[in-house]
Amino acid sequence: MIKYISIFLFCLGAVGIFSAQKRTNLDEDWRFHFGHSEDAKADFNYSLVNIFSKSGGAENTAIDPKFVDKDWRKLNLPHDWAVELPFVKSEHPDLISHGFKPVGGMFPETSIGWYRKHFTVSKDDKKDRFEIQFDGIFRNASIWLNGFYVGTNQSGYIGKSYDVTDYIDFEKENVLVVRVDATQYEGWFYEGAGIYRHVWLNQYNNIRIPFGGLFVHADVNGKNANVNVETSVENKNLNPSNCTVYAYITDRNGKFIGKTAEQKLTLKVNEKLTTKQKISVSNPRLWSLEDPYLYKVYAVVKENGKEIHREQARLGIRTIKFDAKKGFFLNGKHIKIKGTNNHQDHAGIGSALPDYLQYYRIKKLKEFGSNAYRASHNAPTPELLKACDSLGMLVLNEHRLLNSSPEYVDQLERLILRDRNHPSIFLWSIGNEEGWIQKNDFGKRIAQSLIAKQKELDPTRTSTYAADMANEFNGVNEVIPVRGFNYRQFAVADYHKDHPNQPLIGTEMGSTVTTRGIYEKDEVRGYVPDQDITAPWWASKAEDWWKLAAENDFWQGGFVWTGFDYRGEPTPYKWPNVNSHFGIMDVCGFPKNIYYYYKSWWTDEDVIHISPHWNWNEKIGQPIEVWVNSNADDVELFLNEKSLGKKTMPRNSHLKWQVTYEPGTLEAIGYKKGKKISTKVETTSTPYKVVATTEKNILTADGKDATVVNIFIVDEKGREVPVADNMVKFFLKGDAKIIGVGNGDPSSHEPDQFLDGGWQRSAFNGKCQVIILSGKTKGELQLEVKSNGLASDMVSFTQK
Ligand code: GAL
């Protein structure tokens with residue numbers, strides 16, 4: 001009984017009152033204006049005024065707090081200005097690779113963005129420390145608060161926090177100014193532009209756990225786990241401090257499990273010390289792909305018996321192991337890495353994704369059996385990692401550049417300190433395809449420095465590097481703990497023979513180019529057939545790599561290039577093609593046929609899928625190659641109930657029939673361990689109705705929640721018309737807004753955004769998509785979808 005009472009009291013204490021810890025989201029009510037990279041006047045006098053000569057003033061520039069910005073555009077973050085701009089046809093390689101958006105050195109008028117935000121801070125908080133946290137800005141962002149220079153973040157991907165305590169104005173409005181300079185690129189794919197992730201104002205006591213200062217990880221020994229809690233505390237007071245630190249752990253519902261003793265810390269002025277404490281958990285519920293169970297760990301700092309800082313981390317208790325011969329093990333269970341590479345943009349919204357979209361995308365990847373995500377080739381947004389932790393998706397987290405200068409070591413350090421508590425992360429990557437250096441001594445030495453940094457900050461994991469090298473060892477591969485292969489799957493077995501103790505993984509594999517719903521190569525429109533038949537010279541088809549990975553234990557597995565199509569890198573075409581074609585799904589997340597190949601061999605679900613569609617009126621009497629993707633043992637195909645023969649499904653492959661086209665029904669019946677599974681495609685009639693569907697029709701009334709509505713054009717019998725391209729118009733009633741539209745057509749030049757309203761998008765091969773952002777008013781919302789001459793549809797949402 002006493003035990004229960006004390007636990008109860010302890011929990012009450014845990015909820016306790018602490019004065020100086022607050023996290024305020026600053027995404028709302030920004031002002032935005034383009035600057036100019038070549039005309040100083042149009043850049044608000046940026047390079048005409050001597051802004052670094054004296055502290056705290058920059059008169060006659062937009063940095064000056066007195067500057068009047070009321071005519072600037074009002075917007076909320078996240079914001080990507082690149083996606084708002086029209087496409088610009090060009091032969092320039094950087095423009096092609098970035099998706100033909102007018103951002104970069106060639107476009108002085110649309111490559112500098114100024115953002116201003118006004119906010120107030122209460123006088124009562126004068127004793128606190130303040131930090132501004134930017135989760136991601138593309139790129140080279142310089143920041144001022146009330147005219148004081150705060151710092152610059154070169155990286156377009158990894159965020160940065162700045163201590164701004166000394167610049168906060170408690171009497172007047174504070175003015176935060178950000179100048180974003182996107183004239184340089186960091187990648188060779190669409191990168192967006194602007195403040196495209198969240199911004200926070202963090203408030204602390206002078207004695208606090210700094211950014212990244214709570215590190216939790218667990219060792220599992222039989223039926224017990226030891227949770228290691230490493231807590232750093234720093235003293236920014238002007239006097240030494242005696243404080244205490246303890247940590248405790250709860251289950252995901254907040255039920256207390258165990259705690260450490262309270263440890264004393266004596267901190268000198270400006271000193272930072274780290275405590276290492278342990279909590280044991282018996283019979284832990286392990287974090288796995290099927291049951292991504294998350295505990296909560298809290299570290300609490302007290303001074304004079306009063307709580308002054310509490311930091312929380314989610315903890316997944318799990319073990320990971322790479323075995324060079326047997327493969328990868330999660331909690332002692334062999335798991336083949338069935339991964340996808342992905343960039344961060346989505347249809348309609350570019351790189352400015354509401355948090356819900358991260359969950360949507362990870363869920364879509366899991367649906368075809370993918371269990372791992374490579375954040376290629378840069379630090380992902382924090383919410384993506386939260387989604388992976390919560391949904392059970394492993395992550396290969398990648399540093400942008402193979403460079404060990406202080407700038408890039410700092411970027412790696414920020415990445416690891418930010419992310420090392422995520423159970424989903426199973427491996428770090430120190431870089432990708434560094435052609436100048438990967439085979440020489442520079443590459444080797446840089447890799448060593450980065451690996452040393454990784455080991456120092458996170459000894460619980462190891463690193464890989466994505467090498468476009470065959471059976472070659474000199475350079476980075478000599479020192480990298482896990483050898484990464486980008487393509488060159490044919491060389492993996494030989495490499496393994498030569499280096500049997502170095503685990504190896506396919507960091508980029510496959511790379512079939514396909515256009516959803518297209519069955520003929522079309523060089524004019526820039527389309528490639530939607531079958532596993534076309535791969536660039538450096539890459540391979542899905543079947544070529546997966547068979548090898550599936551059948552050989554020394555393959556830890558691999559990551560397909562890519563899960564979703566993304567803007568930029570049109571391959572094998574250029575204009576009018578503005579998107580990549582590599583995705584297993586298109587930019588909206590609509591499956592292509594190869595999705596069913598992977599789903600057949602990556603899941604235990606019953607899969608049977610026929611392609612192409614059966615609307616070929618112009619081809620009556622002509623042969624059509626029909627593919628069936630399935631994991632059945634045998635498959636029999638029927639055209640209008642007439643058998644076209646039964647075939648045995650080769651493992652990790654597909655089946656094909658030559659069929660003379662006649663309209664009607666094509667049916668595939670699969671036999672899987674005696675069980676029948678079937679599917680069919682039918683010749684449809686003409687478009688009759690536009691249908692709208694959503695996976696989520698309850699929205700939080702916070703102005704940040706989002707939902708995806710998928711639109712299908714169907715015939716009178718409700719069958720999707722696979723070639724329909726009708727224009728669809730969207731009308732939203734209620735306090736919410738549409739923030740983007742897309743259709744997965746890699747050559748579409750239609751706008752993704754209609755900032756003045758009038759949202760519309762044509763369907764591409766039967767489908768399109770609209771993304772809705774919630775408002776703050778509780779109540780009902782309705783999205784009406786209309787298309788000329790077709791019956792319309794409506795979806796209702798409850799905002800609460
Ligand atoms: C790789 C590269 C990727 C992407 C891909 C296209 O070489 O790492 O970023 O460009 O090729 O196939």
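Of the chymotrypsin sites (Phe, Trp or Tyr not before Pro) in segment 451-521, which ones lie in a loop per DSSP and count no more than 14 other C-beta atoms within 10 Å? Mind dumping the intermediate values first?
Values: sites: TYR465, PHE473, PHE485, TYR487, PHE490, TYR495, TYR519; in loops: PHE473, TYR487, TYR519.
Those satisfying the criteria are PHE473.
When the Karplus curve 6.51 cos²θ - 1.76 cosθ + 1.60 is applied with θ = phi - 60°, which whole-Hz ³J(HN,Hα) does each residue of segment 371-384 get, with x for Gly and Pro?
Calculated HN-Hα couplings, in order: 10, 8, 10, 9, 7, 8, 10, 6, 4, x, 6, x, 5, 5 Hz.
Quick check: with the 1.4 Å probe, what order do LYS672, LYS123, LYS363 take by accessible area, largest first?
Putting LYS672, LYS123, LYS363 in descending order of accessible area: LYS123, LYS363, LYS672.
State to the nearest 20 debye the size of the charge dipole of segment 416-463 about its Cα centre, where the only charges are +1 on K and R beta carbons and -1 on D and E beta carbons. Walk me through the numbers before you get to the answer.
Working: 8 positive and 6 negative charges, 24 e Å.
For this selection, approximately 120 debye.
Shape verdict for segment 175-234, please, from the Cα gyration tensor: rounded (a/c under 1.5), prolate (a/b greater than b/c) or oblate.
Numbers: a/c = 4.19, a/b = 1.68, b/c = 2.49.
The shape class here is oblate.
Got a number for the accessible area of PHE119? Probe 1.4 Å, square angstrom, nearest 10.
Answer for PHE119: close to 20 Å² accessible.
Can you give the relative contact order of segment 616-673 as a percent, counting alpha carbon pairs under 8 Å and 6+ residues apart? If you can, show how the numbers build up before the last one.
Details: 109 pairs, mean separation 27.9, N = 58.
Taking the mean separation of contacting Cα pairs over the length of segment 616-673, I get 48 percent.
Regarding segment 627-747, what is the average projected area of its C-alpha convex hull, in nm²?
Details: hull surface 46.4 nm².
Quarter of the Cα hull surface area: 11.6 nm².
What percentage of the solvent-accessible surface of the chain, computed with a 1.4 Å probe over protein heavy atoms, is contributed by carbon and sulfur atoms? Let's see the in-between values first.
On the way: 15800 of 31620 Å².
Accessible surface attributable to carbon and sulfur in the chain totals 50 percent.
Using a 1.4 angstrom probe on the protein heavy atoms only, could you order LYS321, LYS386 from most to least accessible area?
Values: LYS321 110, LYS386 80 Å².
Sorted descending by solvent-accessible area, the residues read LYS321, LYS386.
Over the residues of the chain, compute the C-alpha Rg and express it relative to 2.2 N^0.38 Å. Intermediate values should be presented prior to the final figure.
On the way: Rg = 27.6 Å, N = 800, 2.2 N^0.38 = 27.9 Å.
In units of the 2.2 N^0.38 Å rule of thumb, it is 0.99.
Past the 18 Å Cα-Cα mark, which pairs from LYS541/LYS656; LYS326/LYS455; LYS296/LYS363; LYS689/LYS717; LYS592/LYS767; LYS22/LYS123?
Result: LYS326/LYS455; LYS296/LYS363 exceed 18 Å.
Relative contact order (percent) for the chain, with alpha-carbon contacts under 8 angstrom and 6 or more residues of separation? Walk me through the numbers on the way to the answer.
Values: 2105 pairs, mean separation 71.3, N = 800.
Relative contact order, the chain: 9 percent.
Rounded to the nearest whole Å², what accessible area per residue is found for segment 462-555 with the 1.4 Å probe? Numbers along the way, then the final one.
Details: 3370 Å² over 94 residues.
Averaged over the residues of segment 462-555, the accessible area is 36 Å².
Taking the chain as the reference, fit the longest principal axis to its C-alpha atoms, fit the long axis of helix 355-367 to the helix C-alpha atoms, and give the angle between the two in degrees, 0 to 90, nearest 10.
Orientation of helix 355-367: about 40 degrees from the principal axis.
Tell me which aspartates and glutamates have Cα within less than 19 Å of LYS255's Cα, excluding those fewer than 8 residues away on the same chain?
The reachable aspartates and glutamates, counting only those whose Cα sits under 19 Å from LYS255, are ASP291, GLU311.
Could you tell me the distance between the Cα centroids of segment 84-114 and segment 355-425, to the nearest Å?
Centre-to-centre (Cα) distance: 27 Å.
What accessible area per residue, rounded to a whole number of Å², is obtained for segment 101-140 using a probe radius of 1.4 Å? Write out the running numbers ahead of the final one.
Details: 1420 Å² over 40 residues.
Value returned for segment 101-140: 36 Å² of accessible area per residue.
Just to confirm the filter: which GluC sites (Glu not before Pro) across segment 153-211 are DSSP coil and have at most 15 other Cβ within 10 angstrom of their Cβ? Intermediate results must be reported in sequence, preceding the final value.
Values: sites: GLU171, GLU173, GLU186, GLU191; in loops: GLU171, GLU173, GLU186, GLU191.
Sparse-neighbourhood loop GluC sites (Glu not before Pro): GLU171, GLU173.
Give the distance, in whole Å, between the Cα centre of segment 509-559 and the Cα centre of segment 250-326.
Using only Cα atoms to place each centre, the spacing works out to 43 Å.
So, with +1 on the Cβ of K and R and -1 on the Cβ of D and E, and no other charges, what is the size of the charge dipole of the chain about its Cα centre, to the nearest 20 debye? Intermediate values should be presented prior to the final figure.
Numbers: 100 positive and 100 negative charges, 555 e Å.
In debye, rounded to 20, the chain gives about 2660.
With every protein chain left in place, what is the accessible area per residue of segment 343-455 in square angstrom, probe 1.4 Å? Write down the numbers at each step before the final one.
Values: 3000 Å² over 113 residues.
Counting only protein heavy atoms, the per-residue value for segment 343-455 is 27 Å².
Can you list residues from other chains, or at least 5 along the same chain, whose modelled amide H is less than 5 Å from the amide H of ASN331?
THR319, ILE320
In the full protein assembly as shown, how much of CYS768 is accessible to a 1.4 Å probe, in Å² to the nearest 10?
Ignoring ligands and nucleic acids, CYS768 comes out at about 0 Å².
Specify the inter-centroid distance of segment 464-491 and segment 621-663, based on alpha-carbon positions, in whole Å.
What the calculation gives is 39 Å, centre to centre.
Search the structure for amide H atoms under 5 Å from the amide H of GLY431, placed 1.01 Å from N in the peptide plane, and list their residues when 5 or more places away or on another chain.
HIS399, ALA466
I'd like the accessible area for ASP219: 1.4 Å probe, protein heavy atoms, all chains in place, Å² to the nearest 10.
Accessible area of ASP219: about 70 Å².
Just need the relative contact order of segment 245-338 here, percent rounded to a whole number, with Cα pairs under 8 Å and 6+ apart.
Working: 150 pairs, mean separation 21.8, N = 94.
Over segment 245-338, the number comes to 23 percent.
HN-Hα J couplings of segment 660-676 from phi, Karplus 6.51/-1.76/1.60, θ = phi - 60°, integer Hz, Gly and Pro as x?
Rounded to whole hertz, the list is 7, 5, 9, x, x, 10, 10, 10, 10, 10, x, 10, 10, 6, x, 8, 8.
Test of the criteria: in segment 46-81, which trypsin sites (Lys or Arg not before Pro) are in a DSSP loop and have at most 10 other Cβ atoms within 10 angstrom of their Cβ? Numbers along the way, then the final one.
Working: sites: LYS54, LYS66, LYS70, ARG73, LYS74; in loops: LYS54, LYS66, LYS70.
Answer by residue number: LYS54, LYS66, LYS70.
The values are calculated or read from the model by the stated rules, or taken from the named source; none is laboratory data. As the structure is a prediction and not an experimental result, all values here were calculated from the model. Positions of Cβ are generated from backbone atoms using ideal geometry, with glycine treated the same way; all protein chains shown enter the neighbour counts. The accessibility values were calculated without ligands, DNA or RNA, using every heavy atom of the protein model including side chains. Shrake-Rupley method; radii C 1.70, N 1.55, O 1.52, S 1.80 Å.
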